[in-house]
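To start, the structure under review is shown below, and the notes come after it.
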Amino acid sequence: MLWLGWLGFNGGSTLELQNVGHIVITTIMSAATGGIVAILSTPITALWSKIFENNPETGKPELSSLINGILGGLVGVTASSAYVDVPIAILIGAVSGVIVTFGNLLLKLWKIDDPVGAIPVHLFCGCWGTIAVSWSLKGTEVYQDNNNVLVQLGSQILGWLTVFVFVLILSWIVWVIIGGILYSFDMIIGNQRKLSKTGNLWVRIHRIARQGIRVTPKEEIEGSDGFWQNPKPE
């Protein structure tokens, strides 16, 4: 359903109707290639788990790998779907499939919980798709002002860094505010947890916000679903 909707999303973003067919084709090819490459690269996860996690896996392709590979290909080609030809779209999708697979492995290595693989699909492949715009065909809207691929590549990287820094800072501010509010609610209902008072003001604010957002270790073990509605007695 997402794949079908993405055709309308990419195709409907153009201002000229004659470009819709080309956009749909590049979108389909990138998505299909991303899914295939993600499946083909799945056995690498077994080797990775055996070396770094001491937990050998069968390396059997999973449905989630196929789905996330397709979504990665869709994300990767979105920015350039109107400006690349089919071979480049296939390449973008192939790289996206690899990024999805290795992105999940990196998250496991960094101990970041991402059950559905959304970070590799949307963050990692989104970064790759932004940079891949520099591979657009000459004579398209991307290269109206210059014909230098390196200049365009630098512009794409600069744009990516600008968005990254802006979102990082704004997200931190928003989550600190939300965490502080939730921590205040915990204090009101008498569910306040003891916090270390070490560190400067910046560290203490971050610690309060983090505690406000996170559940307790006990709730993590027992499962937080329904915990607040039906808490288990001590």
request  = Considering every residue within the stretch 130-148, establish whether at least one is at positive phi and in contact with a helix residue (DSSP H, G or I) (Cβ under 7 Å, 6 or more places away or on another chain).
outcome  = no
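Could you look through the stretch 36-61, keep only residues that are modelled with pLDDT of 80 or more and open to solvent by 60 Å² or more (accessible area, probe 1.4 Å), and pick out the one that is farthest from V20 (Cα to Cα)?
Of all residues in the stretch 36-61, those modelled with pLDDT of 80 or more come to 36-42.
Add one more test, that the residue is open to solvent by 60 Å² or more (accessible area, probe 1.4 Å), and what stays is 36, 40.
Details: I36: 24, L40: 30 Å.
Among those that are modelled with pLDDT of 80 or more and open to solvent by 60 Å² or more (accessible area, probe 1.4 Å), it is L40.
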inquiry  = Whether any residue in the stretch 74-81 is open to solvent by less than 70 Å² (accessible area, probe 1.4 Å), over 22 Å from G12 (Cα atoms) and not acidic (D, E) is what I want to check.
reply    = no
inquiry  = Any residue that is among the polar types (S, T, N, Q) and either part of a loop (DSSP other than H, G, I, E, B) or modelled with pLDDT under 85 (or both) - is there at least one of those in the stretch 124-132?
reply    = no
key: Filter pass, L158 being closer than 28 Å to S64 by Cα, open to solvent by 70 Å² or more (accessible area, probe 1.4 Å) and modelled with pLDDT of 90 or more   = no
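Can you work out which of the residues in the stretch 206-218 that are assigned to a helix (DSSP H, G or I) and hydrophobic (A, V, I, L, M, F, W, C) is surrounded by the fewest Cβ atoms within 10 Å (Cβ to Cβ)?
The extreme case among them is I213.
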inquiry  = Here are the criteria: (1) aliphatic (A, V, I, L, M); (2) open to solvent by less than 80 Å² (accessible area, probe 1.4 Å); (3) more than 12 Å from the chain's Cα centre (by Cα). Tell me which single one I99 does not satisfy.
reply    = (3)
task = Please verify whether the stretch 174-185 includes one or more residues that are open to solvent by 60 Å² or more (accessible area, probe 1.4 Å), assigned to a helix (DSSP H, G or I) and within 30 Å of W128 (Cα to Cα).
result = yes
inquiry  = Restricting to the stretch 186-205, name every residue that is assigned to a helix (DSSP H, G or I) and either without any contact (Cβ under 8 Å) to a residue 12 or more places away in the chain or touching a Pro at 6+ places or on another chain (Cβ under 6 Å) (or both).
reply    = M187, I188, L201, W202, V203, R204
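The values are calculated or read from the model by the stated rules, or taken from the named source; none is laboratory data. None of the values given here were measured: they were computed from a predicted structure. When we count neighbours, we look across all protein chains shown, and the Cβ atoms used for this are built from the backbone with ideal geometry, even at glycine. The accessibility values were calculated without ligands, DNA or RNA, using every heavy atom of the protein model including side chains. Shrake-Rupley method; radii C 1.70, N 1.55, O 1.52, S 1.80 Å.
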